[in-house]
Amino acid sequence: MRAVIAMMKHETNTFSPIPTPWARFQEWGAFFGADALRAYESTAMPMGAYIRLAREAGMEIVTPVAAEAMPSGPVSAEAYGIMAGAICEAVAAGCDAVLLDLHGAMVSEATPDGEGTLLERLRAIAPEVPICVTCDLHANLTEAMVRNCTALIGYKTYPHVDMYAVGEQIGRVLLRTLRGEARPVMAWGNRPLLAQTLRMGHADEPMRTLLAMAREEERRGLLAATVFGGFPLADFRDAGLSAIVVADALAHGGDDDAARTAAQAAVERLLEAAWERRADFLHRHEPLHAVVARAKRLGDYPVLLLDHADNVGSGGTEDVMTVIAEVLQQGLEDVAVAAVWDPAAVQELMRAGVGAEVTVNLGGKTDMPSIGRRGESLPVTGRVRTITDGAFVVRGPMYTGVTVQMGPTAVLDTGKARIVIVSRHHEPWDLGVFTSVGIDPTRMKYLVLKSRIHYRAGFEPIGKHTLNCDGTGVTTSDNALLKFEHVRRPIFPLDSM
């Protein structure tokens, strides 16, 4: 039997000024054919799980494309065409199964529903071929996505440390379907709730309870149950919280309607529980100067300071200096920052060389028209401590085995702060962002991270305190700064409900 296994992933922040051409996927890692197989077979990604299952089943494996880019603005029509076209061509060539590692919140110049459009095209090409899909916990689930696949599941962790397990779970459902041992039937739904990603950590309420409920539904015999927090920074009609459940018709005597009824009942239980807790999905703000002052009074280290409004992992520019400036102004010492995106500054430091003392206008190279802000650089003086190629292999529990390419990278040491400056956007979810450039994060007092929740994968085990810093950026948790034009209305909290 022949299995088409592919990955096409992007979390699109429609408020982000960072463009998403094909080159951005190539920077992160875009692979075709045998190169895609080699790149992901030994990783803890859904695609890695799919490949192992297909090998165990003795299937011929076709990997047309594996491509992902750091979150940013809408995906170019060219990039979308390259990825979707490669997958469609492979399926059109003939196959017995399709296993897809998608995100679920891709907005493209070609289509506002990147995943739904891809699945519609695949279903038109291969009406009877089973298709299974893994999605991110932040997927904005659509009717087109559900209608055009056989079984769909999402991660139950944020940070996403269960990607392999989820891929394996839905992949096994697909293999059972091929053998006639299962007949998946799906039900889904949503609520008008634009939850904030800063409130979606799997260890935090209300997500912890909702995910536990989903696992309990699976223990009762359902093939898969998922609650999607959604991605609220995609100004797209279907953005928001949703749920999907996969039931087995064979477990209901072959009655598809009975299976669908059971699945829908589970969906409603999950959605009602989420709606009742809707106010808990909103971030409560605190003045930045007060948070940094509080950090200065703490005694156990490291203290993690999250610059969540400029989280590149949600489409931030990664060059907003608001939080860093406050930390430096208040005189915190033994600080490490990951990271500031400023390719020009990196080149300047490279020309100066390791050991040179330089003053650079750091960051602030990007305007943010969606929130009415211009980029503001911060003059910083320090010594060039390290210059590297920015490559490292993730050893932590999220994206394990994947090679990160930060591009030419430099460390500027001001005496009180060591600032990692990168040429390619990267969210710090693994200690390698520091260790690869010679910084031991466990020996620093303060770690400023441009992250929301993913930092927990690598840094939560070493952090003694964690403080959210309400800075500036296009991943802001202040909805009053964002102009939503396409999301369905009314929706909470943009509207009183």
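Remarks
- Test for GLY254: is it more than 28 Å from LYS9 (Cα to Cα) and either touching a residue at least 60 places away in the same chain (Cβ under 8 Å) or out of contact with any Gly (no Cβ under 6 Å at 6 or more places or on another chain) (or both): yes
- Test: THR63 is more than 20 Å from the chain's Cα centre (by Cα), at pLDDT 95 or above, closer than 20 Å to VAL166 by Cβ and among the polar types (S, T, N, Q): yes
- Among the residues of the stretch 389-400, some residue qualifies, meaning at least one is under 20 Å from PRO343 (Cβ atoms), out of contact with any strand residue (DSSP E or B) (no Cβ under 6 Å at 6 or more places or on another chain) and in the same structural domain as HIS454 (by TED's automatic domain parsing).
- One residue from ALA187, ALA195 being crowded, with 24+ Cβ neighbours inside 10 Å, within 25 Å of MET497 (Cβ to Cβ) and in contact with a helix residue (DSSP H, G or I) (Cβ under 9 Å, 6 or more places away or on another chain): ALA195
- Residue match in the stretch 134-142 (condition: at negative phi, without any contact (Cβ under 8 Å) to a residue 40 or more places away in the chain and either out of contact with any strand residue (DSSP E or B) (no Cβ under 9 Å at 6 or more places or on another chain) or crowded, with 23+ Cβ neighbours inside 10 Å (or both)): no
- As a summary of the residue check, ILE82 satisfies the conditions (1) surrounded by 20 or more Cβ atoms within 10 Å (Cβ to Cβ); (2) β-branched (Val, Ile, Thr); (3) within 23 Å of the chain's Cα centre (by Cα) except for the one numbered (1).
- Among the candidates PRO46, PRO17, residue that is within 19 Å of the chain's Cα centre (by Cα), surrounded by fewer than 22 Cβ atoms within 10 Å (Cβ to Cβ) and closer than 25 Å to TRP429 by Cβ: PRO17
- Of everything listed in (1) of a type outside the set (Lys, Arg); (2) part of a loop (DSSP other than H, G, I, E, B); (3) touching a Leu at 6+ places or on another chain (Cβ under 8 Å), the single unmet condition for PRO490 is (3).
- All conditions but one from (1) more than 27 Å from GLY114 (Cβ to Cβ); (2) of a type in the set (Gly, Ala, Ser); (3) surrounded by 24 or more Cβ atoms within 10 Å (Cβ to Cβ) apply to ALA251; the one that does not is (3).
- Among the residues of the stretch 315-327, none qualifies, meaning not one is farther than 23 Å from ASP440 by Cβ and part of a strand (DSSP E or B).
- Test: residue in the stretch 262-275 that is closer than 30 Å to THR442 by Cα, surrounded by fewer than 24 Cβ atoms within 10 Å (Cβ to Cβ), β-branched (Val, Ile, Thr) and at pLDDT 95 or above: no
- When the stretch 319-333 is filtered for residues that are hydrophobic (A, V, I, L, M, F, W, C) and either over 13 Å from GLY471 (Cβ atoms) or surrounded by fewer than 22 Cβ atoms within 10 Å (Cβ to Cβ) (or both), the ones remaining, listed by number, are ALA325, LEU328, LEU332.
- Residue count, the stretch 373-398 (criterion: without any contact (Cβ under 8 Å) to a residue 24 or more places away in the chain and more than 14 Å from GLY438 (Cα to Cα)): 2
- On inspection, PHE492 passes the criterion of being in contact with a strand residue (DSSP E or B) (Cβ under 7 Å, 6 or more places away or on another chain), outside the structural domain of PRO369 (by TED's automatic domain parsing) and not polar (S, T, N, Q).
- On inspection, PRO184 fails the criterion of being under 26 Å from ASN13 (Cβ atoms) and either touching a residue at least 12 places away in the same chain (Cβ under 8 Å) or in contact with an Asp or Glu (Cβ under 8 Å, 6 or more places away or on another chain) (or both).
- When ALA336, ALA344 are screened for being buried (at least 16 other Cβ atoms within 10 Å of the Cβ) and among the hydrophobic types (A, V, I, L, M, F, W, C), only ALA336 passes.
- Per-region count, the stretch 135-151, residues among the hydrophobic types (A, V, I, L, M, F, W, C) and in contact with a Pro (Cβ under 9 Å, 6 or more places away or on another chain): 2
- Taking the stretch 371-392 as the range and being loosely packed, with under 14 Cβ neighbours inside 10 Å and under 29 Å from the mean Cα position of the chain (by Cα) as the test, the residues that pass are GLY372, ARG374, ASP389, ALA391.
- Conditions (1) crowded, with 22+ Cβ neighbours inside 10 Å; (2) more than 16 Å from the chain's Cα centre (by Cα); (3) on the phi > 0 side of the Ramachandran plot: number failed by GLY58: (1)
- Residue list for the stretch 120-145, filter: under 11 Å from GLY104 (Cβ atoms) and of a type in the set (A, V, I, L, M, F, W, C): VAL133, CYS135, LEU137, ALA139, LEU141, MET145
Conditions tested, residue by residue: (1) in contact (Cβ under 8 Å) with a residue 60 or more places away in the chain; (2) part of a strand (DSSP E or B); (3) over 23 Å from LEU122 (Cα atoms).
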site: PRO17; (1), (2), (3): yes, no, yes
site: PHE25; (1), (2), (3): no, no, no
site: ALA34; (1), (2), (3): no, no, no
site: ALA44; (1), (2), (3): yes, no, yes
site: TYR50; (1), (2), (3): yes, no, no
site: ILE61; (1), (2), (3): no, yes, no
site: ALA79; (1), (2), (3): no, no, no
site: GLY85; (1), (2), (3): no, no, no
site: LEU100; (1), (2), (3): yes, yes, no
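- Some residue of the stretch 112-132 being in contact (Cβ under 8 Å) with a residue 24 or more places away in the chain, among the aliphatic types (A, V, I, L, M) and closer than 23 Å to ALA234 by Cα: yes
The values are calculated or read from the model by the stated rules, or taken from the named source; none is laboratory data. Quick caveat, the model's predicted, so the values are computed rather than measured. Cβ sites come from the backbone with ideal geometry, for glycine too, and all protein chains shown count toward neighbours.
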